[in-house]
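The values are calculated or read from the model by the stated rules, or taken from the named source; none is laboratory data. These numbers were taken from a predicted model, which means no experiment stands behind them. FYI the Cβ positions are ideal-geometry reconstructions off the backbone, even for glycines, and counts take in every protein chain you see.
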Amino acid sequence: MVEFIPLLMFGIICLVLLAGFPVAFSLAGTALIFAGLGILSGTFEASLLGTIPNRLFGDMTNTNLVAVPLFIFMGILFEKSNLAEDLLSNMADILGGFRGSLAVSVIIVGAMIAASTGIVGATVIAMGLISLPIMLQRNYDQSLATGTICATGTLGQIIPPSIALVLLGDVLSAAYQQSQLSLGIFSARTVSVGDLFMGAIVPGLILVIAYISYVLFKAYTQPSAAPPQEVRTFENRAKIILTTLLPPLVLIVAVLGSILMGIATPTEAAGVGALGAMGLALSKGSLNRENLTSAVQSTTEITSMVFMILLGSSIFSLVFRGFGGDDLVNSIFNQMPGGVFGAMLIVMIIIFLLGFILDFIQITFVVVPIVGPVLMAMGVDPLWLGIMIAINLQTSFLTPPFGFALFYLRGVAPDSVPTGAIYRGVIPFIIIQILVLLGLAIFPSLVTALPNAVYGI
């Protein structure tokens, strides 16, 4: 019976979270209660708790995680200074003249904003407030408009340099080293955040192209769903490109490119991105005290939440392993029919379902450290695993009736837009994401080929 305590811990923490208690304190509190009961019953080694300060100190001194608040600040400043709104309106003006151009603009700009923030809620809310009124004003079909915004908001999970990939890359690196040590490989090779960024480029582009293709197909097969827009002159287009579109695009490419080319670490690149965002806001005249204060406060709140969850998950993971959780998960996966495929399928289903009640950060810090080492010890490529998890959670966040993205958009959408229209609108995009997920499962080289070619991984 004792060997099933880790599963009981996992079940209890899910119930506690469903009850609405704070995530970080729920993780740490549940773990410490189980540890205390284990010490009293002689089933848990008390000396393990003495390692908690070292684990927490290691988390807090992780230089890769310094990139998190910097990327968050970059994305929030984009929103506060109305850079995102200008990008959308000007992109639509440039692409104007064909059906669906506004929806295509939402996808492109949304992908850029999602890459800057990496937070689904922030992107969906921002794009909902900025683009939904414009799309409805221009007589776009409600389902097409809301579905496009929700799907675009989830791109922050997969489009680098999102903080979701920064966090996932750090956790996967630790899990990969642990899996190699369990196999007796003591010169453990690491997996960096840059590797994960490189692996995410092709799947991210596939998703963006697939979204645009669907929108154009919808626009031309159902013309009333996406009316054409006004055509601007070439002179105006050239001016808009040089003054509005090019600077933020150059910034994002510079940040991402410096990481991928090995010129800068994610933390260094994030610092450049934050400074560049301040420069763009200053050039636009929107870097005032109010916007800067609001951006700093929001960054502090989100960063505090991320690191508190990280600390809570570290304590939970320690106690989970202290009760033999790693061995239990390993034995379950090894006895599972279908071998690696069966284990991977079960993990994907579990993560998909957990995506209804937990956000990406919580799943990254709680679930991935438990299942990641076991799967990678079975031969699963860490980069491929990371991208599969990210896209899987994209789909989960988009799936009715529990998808987070749906709730976020419902909160900012006008009452004239029924919830049913939002649900109908996301279904085609869910199908696209599932097809991409299946494609990556069948052709893992879509993820691994580019990192192999560039880094020789």
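Data for the structure
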read-out	value
Residues of the stretch 43-83 classified as in a helix (DSSP H, G or I), aromatic (F, W, Y) and more than 24 Å from the chain's Cα centre (by Cα), total	1
Selection status of L311, free of Cβ contacts under 8 Å to residues at least 12 places away in the same chain, assigned to a helix (DSSP H, G or I) and among the hydrophobic types (A, V, I, L, M, F, W, C)	no
The one condition in (1) over 16 Å from the mean Cα position of the chain (by Cα); (2) within 22 Å of M344 (Cα to Cα) that I389 fails to fulfil	(1)
Residues located in the stretch 217-244, provided they are under 17 Å from S105 (Cα atoms) and either modelled with pLDDT of 70 or more or touching a Pro at 6+ places or on another chain (Cβ under 9 Å) (or both)	F217, K218, A219, Y220, A225, A226, P227, P228
Only one of V367, V374, V329 that is closer than 20 Å to L168 by Cβ, free of Cβ contacts under 8 Å to residues at least 40 places away in the same chain and surrounded by 13 or more Cβ atoms within 10 Å (Cβ to Cβ)	V367
Selected residue (criterion: surrounded by the most Cβ atoms within 10 Å (Cβ to Cβ)) from residues of the stretch 408-457 that are touching a Lys or Arg at 6+ places or on another chain (Cβ under 9 Å) and farther than 22 Å from T190 by Cβ	I422
Subset of the stretch 415-434 (residues that are hydrophobic (A, V, I, L, M, F, W, C), out of contact with any Ser or Thr (no Cβ under 7 Å at 6 or more places or on another chain) and either assigned to a loop (DSSP other than H, G, I, E, B) or without any contact (Cβ under 8 Å) to a residue 24 or more places away in the chain (or both))	I431
Residues located in the stretch 250-265, provided they are in contact (Cβ under 8 Å) with a residue 40 or more places away in the chain and either in contact with a strand residue (DSSP E or B) (Cβ under 8 Å, 6 or more places away or on another chain) or part of a helix (DSSP H, G or I) (or both)	I252, V255, L256, I259, L260
Hits in the stretch 349-383 (condition: β-branched (V, I, T), under 23 Å from S304 (Cβ atoms) and outside any helix (DSSP H, G or I))	I357, V367
Which listed residue, of T63, T43, T51, is among the polar types (S, T, N, Q) and closer than 26 Å to A164 by Cβ	T63
Unique match (being of a type outside the set (F, W, Y), in contact with a Phe, Trp or Tyr (Cβ under 7 Å, 6 or more places away or on another chain) and either in a helix (DSSP H, G or I) or in contact (Cβ under 8 Å) with a residue 12 or more places away in the chain (or both)) among L446, L450, L393, L438	L393
Selection count where residues are closer than 30 Å to P400 by Cβ, over 16 Å from the mean Cα position of the chain (by Cα) and surrounded by fewer than 24 Cβ atoms within 10 Å (Cβ to Cβ), scope the stretch 144-181	1
Subset tally (residues that are among the hydrophobic types (A, V, I, L, M, F, W, C), closer than 30 Å to L49 by Cα and surrounded by fewer than 17 Cβ atoms within 10 Å (Cβ to Cβ)) for the stretch 285-306	1
